[in-house]
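Before any comments, here is the structure.
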Amino acid sequence: MEVKNHNFLKHENVRLVLKLISDHGPISRAEISKYMKMSATSASRIVALLSEKHLIEEVALDRQQVGRKANYFTLNKNGIYFIGVELDVFGLRIGLMNFDEEMIFKKTVALKEPLPELVIQQIKEEIMMIKKQFQLADNHILGLCVGLPGIIEPEEGIVEFSVQLQWKNYPLKEKIQEQLGIPVQVDNELKMKAISEYKLADDGVEHLAVIGFGSGVGSALISHNEINRGKSNFAGEIGHTIVDPNGTYCPCGNFGCLQTYIAEPFLLNEAAKVKNVATITELINEIEKGEVWAKNLVDKAIKYAAIAINNTVCSYNPDVVILSGSLIENHPYIQKELLKEYPSTIWNLAHGTFDVQITNSKDEGIILGAAIHMKNYFIDHIIL
Ligand SMILES: [Zn+2]
């Protein structure tokens, strides 16, 4: 037990010194030992360990102080990287993030086929190209995290079920690790997006909810820097809250799930009863042409999206609600109408307690959040 506590303290100190350097660098050994209230020897040891792992670097600083020259340390901004991957039916988006959480490269490619083995092969090929382009050795990339839609078991990185990809119980983390030989995390995409939004949020935001309206409907909550996962990591799956037991059939097996009124495939199915429109853009074009059926259909979706905002606010009591997803991000008409519609749907007592914003992280949200999640995991669990 004592040994374990000792290791824990050591790990915790390493983590805190790294955070100190990240927040306040360039910083000297003497300053580290002062802030951390630790001996100069301990500070030096931890600095040596972090340098050896290429996590920090020494910088020459001319602070024009009289006396002995001190060595200063900063994060090794461009020596090590984390990779964030967004995986969805449309394709793969891959981002290379430095230790300072700046996305220095990103790329989107179409999926050849949404079969797990082929997707992993494609991820591998893309990473090999990135390594070549940036001349990165194996030890420059400290980990990779994939964000994808579905119910994900994050400890083992198992995709329990993804309707979009049609994957069931697939051990994605283990399979990518086998191929790439680096630490891998796998998690729900909206939870990853929430991490980005939380990073970009105004100072003082402590409870941030993200709602995604797209091929499905979902939400995610970060409270005091912690993702709200629930027992099985599906907290926030509001798309399957039932709003009308006599409603439309949902592929989950129930009738009248919230997403059946809002999500893209359901809107296009409904539209097909009147006219065959292939995309949401075509549906909105019909509204602009003055087609009443198209307006009624989209108005109903917007009403239910407003209900989703109200229900999220009532469930989570957030400071801020971020609206995201392809319906909001790609269709100004829907965005504008929803912002007009939602206030009249919000519970009286909740009025004025929260802000509503359109996504700040935009299409970088999932890859940035995934890379930050991997970085945090590395610092919390792997660093030693
Ligand atoms: Zn459902």
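What does the highest-first list of 286-294, 25-33, 317-325 look like by mean Cβ count within 10 Å?
On the way: 286-294: 13.9, 25-33: 18.9, 317-325: 22.4.
My ranking of the peptides, most packed first, is 317-325, 25-33, 286-294.
Against the compact-protein benchmark of 2.2 N^0.38 Å, the Cα-based radius of gyration of the stretch 286-384 scales to 1.40. An oblate overall shape is assigned to the stretch 137-255, the ratio a/c of its alpha-carbon gyration tensor axes (a ≥ b ≥ c) being 1.5 or greater and a/b not exceeding b/c. The three principal axes of the Cα atoms in the stretch 307-364 give end-to-end lengths of 32, 22, 15 Å, sorted in falling order.
Taking a straight Cα-Cα cut-off under 17 Å and skipping sequence neighbours fewer than 8 places away in the same chain, the lysines within cross-link reach of residue 53 are 10, 19, 77, 375.
Please say if the stretch 62-221 is rounded, prolate or oblate, where rounded means a/c under 1.5 for a ≥ b ≥ c the square roots of the C-alpha gyration tensor eigenvalues, and otherwise the choice is prolate for a/b larger than b/c and oblate otherwise? Oblate.
Of all accessible surface on the chain at a 1.4 Å probe, what whole percent is carbon and sulfur? Let's see the in-between values first.
Working: 9630 of 19290 Å².
The computed percentage sits at 50.
Which of the aspartates and glutamates could a cross-linker span from residue 168 if the Cα-Cα distance has to be under 12 Å and same-chain partners fewer than 8 positions apart are dropped? Here the aspartates and glutamates satisfying the reach criterion relative to residue 168 are 153, 160. Of interest is the spacing of the C-alpha centroids, which for the stretch 164-188 and the stretch 213-228 amounts to 21 Å.
Whole percent per 10 Å bin, from 0 to the bin with the longest distance: what is P(r) over all C-alpha pairs of the stretch 20-151? With 10 Å bins starting at 0, P(r) equals 11, 32, 24, 17, 11, 3, 0. For a straight C-alpha distance cut-off of 17 angstrom, the lysines reachable from residue 295 (same-chain residues fewer than eight places away being disregarded) are 273, 275, 303, 336, 340. Annotation: Cα Rg of the chain relative to the compact-globule expectation 2.2 N^0.38 Å equals 1.12. Screening the chain for whole DSSP H helices with an alpha carbon extent of at least 30 angstrom along the helix axis and a mean Kyte-Doolittle hydropathy of at least -0.5 yields 292-316. The protection proxy used here, the mean number of other Cβ atoms lying within 10 Å of each residue, ranks peptides 182-189, 209-216 as follows, highest first: 209-216, 182-189. With equal scatterers on the alpha carbons only and no solvent term, can you work out the Debye log10 of I(q)/I(0) for the stretch 226-349 at 0.12, 0.17, 0.18, 0.21 1/Å? Debye output, listed in q order: -0.48, -0.95, -1.05, -1.34. Looking at the chain, the accessible area is 50 square angstrom per residue; that uses a 1.4 Å probe and ignores ligands, DNA and RNA.
The values are calculated or read from the model by the stated rules, or taken from the named source; none is laboratory data. Since this is a predicted model, take the numbers as computed values, not measurements. Note that we place each Cβ from the backbone using ideal geometry, even for glycine, and neighbour counts take in every protein chain shown. What goes into the accessible areas is simple: the full protein's heavy atoms, side chains included, and nothing from ligands, DNA or RNA. Shrake-Rupley method; radii C 1.70, N 1.55, O 1.52, S 1.80 Å.
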